[in-house]
1. Viscosity 1.567 mPa s, temperature 4 °C: what is the translational diffusion coefficient of the range 347-400 from Stokes-Einstein with a Kirkwood Rh over Cα pairs, rounded to a whole number of µm²/s?
2. Check residue 299: other-chain or 5+ apart residues with amide H under 5 Å from its amide H, H built from backbone geometry?
Amino acid sequence: MKRGVVKIVALLVILILAMNTIVMAANSTSALQSEKNKTNQQINEKKEELQGVKTEKTDVQNQVSNLNDQISNYQVEIDELDSKIDGLETQITEAQGNLTKAQEDYTNQEKLLKERLIATYEAGQTSYLEVILSSKSLTDFISNYYLVTQIANNDKALMEKIVEQKKEIEKSKKTLEDSKNELDTSKTSKESKQNQLEVTKKEKDKYVTQLSASEKELEKQLEELRAHENSVSNKIKEMQAAYDRAHSNKNSGGSSSTGGTQTNGSTSSYGFGWPVKNPVITTEYGSGGSLWASGRHTGVDFQASTGTPVFSIGDGVVVDVQHGDKSYGNYVEIYHGNNIYSFYAHASSTSVSINQNVSKGQQIMLSGATGNVTGPHLHFEIRTPGSRYANCVNPRPYLP
């Protein structure tokens, strides 16, 4: 009997110990699962935090890009206002000259009229009819009649001329006044744009400080481009104006001339040819990516090994040649009239100089891999209505 009780007690003890082990194991598993869940939650939180940082970086970069676009737009508007102000000042100078001349003519004619009236007064009450009737012969009558007619016509013409001159003076004054008002408005508008430009630049500088090292490097390249553009913009404007004056009868940007080497003999609706023989485009306009400082491809890339001849797509004047630019390397820019510029970059060498006239199909450089590139090729752009890289448009419609 005692043995049976001992066995039962022993069995109960074993069962109790087993249950405690199972409970402890369960509690341990639950704790581990809880720790795992907690860790996973922390991992997810870190992932979200990391994604937030990446998004913030992208937003900052986009903000800088947007502000750069605003700065470029303000600069273009300021340039246009500068041109308008120059035109208005020229117009005011011409109007002032016309007004001065009209007033001088009016003064002279008024003096003649007064002298004529004084002479008539001093001659007494003699009328034209009395002069005619005093004729002593038919010949004398005809002569007196002709004389009287001429005097009357001259008096009438003098009066009419004075009236017209007075109208011209009033018109010149009105034109001058309108031009001065428009000039004041343009200067005020320019001052406003200039202030907006400065505010936008300060805002952009604030965001630039938040960029990463690589993003800052891209921004630095953009700043170098803008600085170079500003340094040559006035010279380019002068050459553009001179070229337009010399080629005012041209209806398109290109030309039918064959002064240079032919590039496949093809011609676009603008009169332009290809910049290389056997053209193969490898990268299209507008392609996105971090390879380009502006965030997008501003032209088209042609397949071209180092040393491949590059030709001007049309007649024009070379407005810019640069060597060693960090982004474009060695490049050439040509003005073709009608506010159309062609741009050729990454050359191994150039063979033209600024202010040089070139013909369609004339060799201007050899392709290469200078500047920000991954390999040799020709980067080609069309810029309109200005010479700035911000004025780049899709080159495809301008090519054959």
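1. Working: Rh = 13.2 Å.
Once the numbers are plugged in, D ends up at 98 µm²/s.
2. Amide H neighbours of residue 299: 286.
No lab work stands behind these numbers, since they all come straight from the coordinates. Just so it is clear, the model here is predicted, and its values are computed rather than measured.
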